[in-house]
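The values are calculated or read from the model by the stated rules, or taken from the named source; none is laboratory data. Being a predicted model, the structure only gives us computed values, none of them experimental. Positions of Cβ are backbone-derived with ideal geometry, glycine not excepted, and every protein chain shown enters the neighbour counts. To get the accessible areas, we keep the full protein, side chains included, count just its heavy atoms, and leave off ligands, DNA and RNA. Shrake-Rupley method; radii C 1.70, N 1.55, O 1.52, S 1.80 Å.
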Amino acid sequence: MITGIDLGTTYSAVAQFDKHGRPVIMGNEKAEPLVPSCVAFFDDQWWVGREALRQWITGPNNAAARFKRYMGTSERFDIGEDSCTPTELSTRVLRHMHHIALGHLDEVDTTVVTIPANFSVEARQATIDAAKQAGLNMDYIINEPTAAALYYAFSGDLEGDGHYAVYDFGGGTFDISLIHIESGQVDVIASNGVSRLGGMDFDRILQKIVREKYEKEAETTLDDQELNEVPFDLVNIEQLKRRLSRRETVTVFAKGILLEITRQEFEESISGLIMQAEVCCGSTLREANLSSSELSGVILAGGSTRVPCIRKSIEQTFTDIPLIESMNVDEVVALGAVIYAAIRCDSSQHNAVQNAAIAPLHLQEVTNMNFGTVYVGFHEDTGMPYQANSVIIKKGTPIPCSKHESYFTMYDGQNEVKCRITECAREETDLNEFIRIISDDTILKLPDLPSGAIWPENEEIIVTFSYDENQIMHCSFEHKSSGHSEEVVLDFNRASDDSDESSDS
């Protein structure tokens, strides 16, 4: 059997592709479809989910939550005497979700895990590592908005063929993808996002509002420990946020004081964050050369899309475009993930009904970043050298694809070339402008010439980037005269053991 896991910032979900060819969420032992992405250690054992969340509220020093945002970073979370990385914590959540699946299925052969579309290479690899450490048989990961699009294409809830925006506003990240759907073919056209923009940011702002109102009324100051107590803790604040989505005014009883919180003041406080999402949507439309009027609908995913002012923002950004949502926007990503798993699996793993259900579906992904290399140029006026970025594969290029560019050695006798690989969201040349070097430990050595001869300057170096349908990029740096080359393999999607090895060719 196959499963799909939405590893969420605040909540996670796991789905199966049942024998009737339907994606179905699998609940935990209490039949809860969503599991808090929270890890705790108490009573001499590790806990994940609702019990861990309670511990996070009452004793945050023994628990950790909302760590997904820090995947691929050096951030650590102290839980009792342990100091855990986001990868280690995500491993425990994924293992727990796998355990839930095994409560419904005899066995799990393949799992697909979702990630935000704007995740960095390090964050993607950290997710792959977490899945490996959790013991999952995971060959692929999929971008969250793409998974949501697959679910809606499968469900038949769309307005027909055409262009759609997938607006995915979750607990920790915001993603916007533009897709084209025609006869079951799902083509991703462009995808962008804000890596640190989500419901947890709204919670922090609302917590600040409640805190300041209380301190003003009580004429006192709350310390950090008191912020972890009811009603100031983030779990109660999240519940308050949900109540404000239904009511214009909510009353909070805080340590004997009644506080009135209005939706208006909350919305005014988060308006700057919502503006970030609006700007991102506008730039993505321009990148895809589309106007909002050309869209057939806006697909909604993520719990934050329930916030009224976000709904209003969507309607203003995509004027007169119908909003499309399932009964539960928190579940569509996990459901889409298991559909993707079904598509990628060999048909022999399915029965006839399952194969018939997915037969019309096809997915065309695109690169989510610009990928290039670093070269050395010379200023015309001074002759001084400078380093710059050269984009080889542009963002939004349909995959699989292969691109190459030629560069040249700088001086006589040069015997090696440093092979560096870059990524950037926009086409940048200045290495100081939002460009990340994602691989720089490979050296191409030019072979020795006989009789003490040296290679002349301007020896051609051919750089080829080949990005396959599994989102694995093979980067070749070849010295044309000798044929000597070095290859770097970057795996952005598939959990293979040799994903970050380099080798001689």
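Annotations for the structure displayed:
- Cross-link reach is defined here as a Cα-Cα straight distance under 28 Å, omitting same-chain residues fewer than 8 places apart; for residue 19 the lysines meeting it are 30, 132.
- The modelled label-to-label distance between residue 269 and residue 225, using points 7 Å beyond Cα along the C-beta direction, is 2.5 nm.
- Annotation: amide H of residue 117 within the under-5 Å range of 144, sequence separation 5 or more or interchain, hydrogens built in the peptide plane.
- Accessible-area composition of the chain, carbon plus sulfur, in percent [1.4 Å probe]: 45 percent
- Segment residue 359-residue 24, extension gain: residue separation times 0.36 nm, minus the distance between their alpha carbons: 118.8 nm
- Two-site FRET efficiency, residue 320 against residue 50, from Cβ-Cβ distance with R₀ of 25 Å, rounded to 0.05: 0.05
- Using 0.36 nm per residue and subtracting the Cα-Cα separation, the extra length available between residue 449 and residue 279 on full extension is 55.6 nm.
- Highest mean packing comes first when the peptides 37-44, 412-419 are listed by Cβ atoms within 10 Å, giving 37-44, 412-419.
- Charge context of residue 424, other residues only, Cβ under 14 angstrom, K/R +1, D/E -1: -1
- Span from the the range 294-357 Cα centroid across to the the range 131-184 one, whole angstrom: 6 Å
- ³J(HN,Hα) computed for each position of the range 440-448 - Karplus, 6.51 cos²θ - 1.76 cosθ + 1.60, integer Hz, glycine/proline x: 8, 9, 10, 10, 8, 9, 7, x, 5
- Summing +1 for each Lys or Arg and -1 for each Asp or Glu among the other residues whose beta-carbon sits under 13 angstrom from that of residue 459 gives -3.
- The candidates 431, 206, arranged from most to least accessible area with a 1.4 Å probe in the full protein assembly, appear as 431, 206.
- Accessible area per residue for the range 141-192 is 23 Å², calculated with a 1.4 Å probe on protein heavy atoms, without ligands, DNA or RNA.
- Close amide-amide hydrogen proximity is noted between residue 481 and 460, each under 5 Å apart and 5 or more residues distant or on a separate chain (H modeled in the peptide plane; Pro and chain starts excluded).
- Cα centroid of the range 202-228 to Cα centroid of the range 409-471, whole Å: 54 Å
- Charge sum, other residues only, whose C-beta stays under 10 Å from residue 172's C-beta, Lys/Arg counted +1 and Asp/Glu -1: +3
- Here is the P(r) of the range 370-491: all C-alpha pair distances, binned every 10 Å from 0, give 13, 42, 33, 11, 2 in whole percents.
- Of the whole protein surface, residue 460 contributes about 40 Å² of accessible area at a 1.4 Å probe radius.
- Looking at the range 347-499, the accessible area is 52 square angstrom per residue; that uses a 1.4 Å probe and ignores ligands, DNA and RNA.
- Length gained when the stretch residue 401-residue 75 is fully extended (0.36 nm per residue, less Cα-Cα span): 113.9 nm
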